[in-house]
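S.K.: Here it is, the structure, as structure tokens.
The values are calculated or read from the model by the stated rules, or taken from the named source; none is laboratory data. Here the structure is a predicted model, which is why all the values come from computation and not from measurement. Glycine also receives a Cβ, built like all others from the backbone with ideal geometry; neighbour counts cover every protein chain displayed.
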Amino acid sequence: MTTSPYLLPETPENVDLHDLCNSGAAQRALDFYLKEDMSAPVANEALFAIKPGISQEEALVHASDLLRSAAATAYESASSHQGNHRDLAFSVVYLIDMAKAMVERSMQAREAQAEI
């Protein structure tokens, strides 16, 4: 048996590929595409849960509070930016204020309907 006169090149270890194999994102992608039971969506896995039995009025009040907090955050962001970023942040403030006005109008309508 004769051996080849040409030496085979050594295969360098690819550290980036090794790191990618150990990453959580790569594992989730493999699980999604290769494992059927892993890729099935989990029912009712929400970031937060709304208390069962909450009244519509309580929900509207809480939504109004959340919108007020979001508006304050967007306003602070707008005040620290210049140019287009500032304009975009103020447009978010405007949209939040409009949504908050609609929520408050819904609460007023419910109160007026309850008085009748």
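S.K.: Of the residues M38, M1, which single one is at pLDDT below 85 and surrounded by 11 or more Cβ atoms within 10 Å (Cβ to Cβ)?
M.R.: From the options M38, M1, the qualifying one is M38.
S.K.: For the list (1) acidic (D, E); (2) surrounded by 10 or more Cβ atoms within 10 Å (Cβ to Cβ); (3) modelled with pLDDT under 80, I need the number of the one condition that D97 fails.
M.R.: Just one mismatch for D97, condition (3).
S.K.: So if I check each of A59, A71, which one is closer than 27 Å to E111 by Cα, in a helix (DSSP H, G or I), at pLDDT 75 or above and touching a Lys or Arg at 6+ places or on another chain (Cβ under 8 Å)?
M.R.: A71
S.K.: When both residues are 6+ apart or on different chains and their Cβ atoms are under 6 Å apart, which pairs have a first residue that lies in the stretch 73-99 and is more than 16 Å from A63 (Cα to Cα), and a second that is at pLDDT 90 or above and among the charged types (D, E, K, R)?
M.R.: Once the first residue is more than 16 Å from A63 (Cα to Cα) and sits in the stretch 73-99, its partners that are at pLDDT 90 or above and among the charged types (D, E, K, R) give A78/R86.
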